[in-house]
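Scroll down for the structure; my scribbles are underneath it.
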Amino acid sequence: MDLTPRRIALHVGLFLLTFVSTTLAGAEWTYGKSVLAPGYKWGDFLSGLPYSVPFLLILSAHEFGHYFTAIYYRVRTTLPYYIPLPPLPFLIGTMGALIRLRSRIPSKVQTFDIGIAGPLAGFVATLVVLAYGFATLPPPEYVFQFHPEYEKFGLNYGDHVYSDAYFSRGIVDVVIGKNLLYMMFEQFADPARVPNVHEIMHYPFLLAGFISLVFTSLNLMPIGQLDGGHVLYGLAGYRNHLGVARIAFLILIFYSGLGAFTYIGPEADPFWYTPLYIAFLYVTLIGMRLKWQDTLMYAVIIFSAQFLAAFLVPGIKGYPGWLAFAFVVGRFIGVDHPPSEIEDQLSTTRKVLGWIALVIFIICFAPAPIEIKVYQPAIP
């Protein structure tokens, strides 16, 4: 563990930059106050704290779960590297955080423990944040301070807005796609105070908790050396992990690209999109470490299946945002999981925790977590 003053300064500096970037993002999401706009003040910056503080609390719980478990097993590791994002519209302020293991993990049990500790710790912190957010929901009139134009419709404003007929050109609507856990929390809250899915960005604790659930589900995907990949490897072993991870990876790519391109009708995309998209699929699938002929075959099969699905079910949509994640996994992380030197068996308690992690993945996963739409005026 490298804890020299220079190294500590680097980690602290990255954390402070991420604290600033997430606070700026929180002010913009909640109140529409961009640091790039003239007249930005200190009070505007502070308004982003209800988002950045719980979000970084959850992120830190996740990373230090990995960190302290690695320290327990005497695996050399770094402190978390926080990754800030520039204060641009519709960014969440960070790309997350990570630790770097500087020595090989010798056994399967240790790999499992280090892998699962992060998402479990982060999940518990997320439950606390969401519980607090739903327990302290403001009255439904709260949304009128952000959209005073809605007040003329009363509390049934949702029946009148969120349409081309109401909004003028350039209005941006952000819709949060719920997951099972979020919907469970809604069942225990006052229905009158539960925010519309179009307005959750104005509720910083709910937004921070929801985004954290999305991060948790991504980390728990049973692929490669993601946290979920470590868990799957511990539960199923090297060979079974290889098969399940590849199937999960192919399903992720297939779903993500559904409806991403249209080849039929007046709004059809140019035909030259096809070879570019197949090339993108090929590069993404390199992470499966197959022969180039087999990789190309899978890219063509996935494209053909997506094309056929769009033809048979017009309007079918996946979530293109997951394609970027699939690309990162396929190109930089990999789909396989390397075997450990010691292939020891998990205890019953660890196996139970592994299955709990799978359930957490399912209830945290949102098929389309965030959708952004620019409304156009209605045609007379």
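Of note:
- Taking label points 7 Å from Cα along the Cα-to-Cβ direction, Ala309 and Ile363 give a separation of 2.7 nm.
- Surrounding net charge for Thr136, when Lys and Arg each add one and Asp and Glu each subtract one, Cβ distance under 13 Å: 0
- Per DSSP, loop chymotrypsin sites (Phe, Trp or Tyr not before Pro) in region 223-304 with at most 10 further Cβ within 10 Å: Phe271, Trp272
- Site pair Thr349 and Leu101 shows an inter-label distance of 2.1 nm when each label is modelled 7 Å from Cα along Cα→Cβ.
- The relative contact order of region 1-103, computed from alpha carbon pairs under 8 Å that lie at least 6 residues apart in sequence, is 35 percent.
- From the largest down, region 236-333 spans 49, 24, 20 angstrom on the principal axes of its Cα atoms.
- Here the Debye sum runs over all C-alpha atoms of region 169-244 as equal scatterers in vacuum, and log10 of I(q)/I(0) at q = 0.12, 0.17, 0.26 Å⁻¹ comes out as -0.51, -0.75, -1.14.
- If you take the Cα centroid of region 350-373 and the Cα centroid of region 185-206, the two points sit 20 Å apart.
- Spin-label model distance (nm) - Val283 vs Ala131, 7 Å beyond Cα toward Cβ: 4.5 nm
- Over all projection directions, the Cα-based convex hull of region 119-202 averages an area of 6.5 nm².
- Sequence-separation-based contact order of the chain, relative, with Cα cut under 8 Å and 6+ spacing, percent: 21 percent
- Residue with peak Gaussian network fluctuation, the chain [Cα springs, cutoff 10 Å], from Ile251, Ile92, Ile171: Ile171
- The longest stretch of the chain left intact once loop-based GluC sites (Glu not before Pro) with at most 11 other Cβ atoms within 10 Å are removed from consideration, loops following DSSP, is 1-266.
- Computed per residue of the chain from DSSP H runs no shorter than four, each worth -39500 (n - 2.57), the mean residue ellipticity at 222 nm is -17500 deg cm²/dmol.
- Contact order normalised by residue count of region 236-333, Cα under 8 Å, 6+ apart, percent: 44 percent
- For region 1-40, chymotrypsin sites (Phe, Trp or Tyr not before Pro) are listed when DSSP marks them as loop and at most 16 other Cβ atoms sit within 10 Å of their Cβ; the list is Tyr40.
- Going by neighbour counts of Cβ atoms within 10 Å, the residues Met221, Met288, Met95, Met183 line up, fewest first, as Met183, Met95, Met288, Met221.
- Over 30 Å (Cα to Cα) - which of Lys33/Lys317; Lys33/Lys152; Lys108/Lys317; Lys108/Lys291; Lys317/Lys351 fall in this group: Lys33/Lys317; Lys108/Lys317; Lys317/Lys351
- Cα convex hull of region 1-103, projected area averaged across orientations, nm²: 6.9 nm²
- Shape category assigned to the chain from the gyration tensor of Cα positions, a/c cut at 1.5: oblate
- Over region 132-268, equivalent-ellipsoid semi-axes from the Cα gyration tensor in Å: 37, 24, 10
- In region 236-333, taking the dipole from charged Cβ atoms about the Cα centre, the farthest positive-side position among Tyr255, Leu323, Ala245 is held by Ala245.
- Applying both filters, DSSP loop and at most 16 other Cβ atoms within 10 Å, to the trypsin sites (Lys or Arg not before Pro) of region 286-370 gives Arg289, Lys291, Lys317.
- Computed over the chain with a Gaussian network model linking Cα atoms closer than 10 Å, the most mobile of Ala189, Ala131, Ala37 is Ala37.
FYI, it's all coordinate maths here, none of it is from the lab. Source: prediction; values computed, not measured. Here the Cβ is made from the backbone with ideal geometry for all residues, glycine too, and neighbour counts use every protein chain on show.
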